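> To start, I am sharing the structure in question, which I have written as structure tokens.
The values are calculated or read from the model by the stated rules, or taken from the named source; none is laboratory data. Model, not experiment: these values are computed from the prediction. Backbone-built Cβ (ideal geometry, glycine too); neighbour counts: all protein chains shown.
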Amino acid sequence: MNRRHPRARSLLIAVSAACLLLSFGCVRRPPIATPHPYPDQQQGIEQTQKPARPVHQPASENALAKEIRRQARDLVRQGRPEAAAQALERGLRIAPKDGWLWADLAEIRLKQGRFGQAATMARKAYALARNNPALRDRTRQIIQAAREKNSSIR
């Protein structure tokens, strides 16, 4: 019976482990991109930054939210402001970050005499407006009107 020497087995395991560890050191890794200390002298240096995201997404990017806003305007014209408010609340469950839905609902609450709710909803719309000047102006007008009609609103 031909048995291996116990030291030979240990030596074989040690050599195999060493080869394995050395092979990890030979793996090429991509270079780490570092910013150039002088940005105006970046000739020949590859840009590794992500492209900038647009600062502002369209206010009502959800097509369903746009349709709900249209339905709410029609309901207001028909003299059914509470039905319009319910439609807008349904729209807010679908698109809670749509500032125009909040502004429309704030305007309805203002017309209903719910000045505190109108101001709160307009502030929410203003917070969502980001760089949308039309929405910001509209929400400022709603807040101002609510303040004028109810002096307890700040």
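> Might you check whether a residue that is at pLDDT below 65 and under 26 Å from Gln141 (Cβ atoms) occurs anywhere in segment 20-39? I'd like the intermediate steps shown before the answer.
Taking segment 20-39 as the starting set, the residues that turn out to be at pLDDT below 65 are 20-39.
From what is left, the residues that are under 26 Å from Gln141 (Cβ atoms) are none.
Looking through segment 20-39, none of the residues is at pLDDT below 65 and under 26 Å from Gln141 (Cβ atoms).
> Does Glu89 satisfy the criteria of being assigned to a helix (DSSP H, G or I) and modelled with pLDDT under 95? First the steps, then the outcome.
Numbers: assigned to a helix (DSSP H, G or I): yes; modelled with pLDDT under 95: no.
No.
> Would you say Ala118 is free of Cβ contacts under 8 Å to residues at least 60 places away in the same chain and among the hydrophobic types (A, V, I, L, M, F, W, C)?
Considered against the rule, which asks whether it is free of Cβ contacts under 8 Å to residues at least 60 places away in the same chain and among the hydrophobic types (A, V, I, L, M, F, W, C), Ala118 comes out as yes.
> Separate question: How many of the residues in segment 121-154 are within 18 Å of Gln86 (Cβ to Cβ) and surrounded by fewer than 18 Cβ atoms within 10 Å (Cβ to Cβ)?
Of the residues in that region, 0 qualify.
> I'm trying to understand the selection: among the residues of segment 137-154, which are at pLDDT below 95, part of a helix (DSSP H, G or I) and basic (Lys, Arg)?
Answer for segment 137-154, where residues must be at pLDDT below 95, part of a helix (DSSP H, G or I) and basic (Lys, Arg): Arg147, Lys149.
> Is it true that Glu107 is in a helix (DSSP H, G or I), surrounded by fewer than 13 Cβ atoms within 10 Å (Cβ to Cβ), of a type outside the set (Val, Ile, Thr) and modelled with pLDDT of 95 or more? Break it down stepwise before answering.
Working: in a helix (DSSP H, G or I): yes; surrounded by fewer than 13 Cβ atoms within 10 Å (Cβ to Cβ): no; of a type outside the set (Val, Ile, Thr): yes; modelled with pLDDT of 95 or more: yes.
It is false that Glu107 is in a helix (DSSP H, G or I), surrounded by fewer than 13 Cβ atoms within 10 Å (Cβ to Cβ), of a type outside the set (Val, Ile, Thr) and modelled with pLDDT of 95 or more.
> Quick one: how many residues across segment 127-136 are over 11 Å from Lys97 (Cα atoms) and in a helix (DSSP H, G or I)?
4
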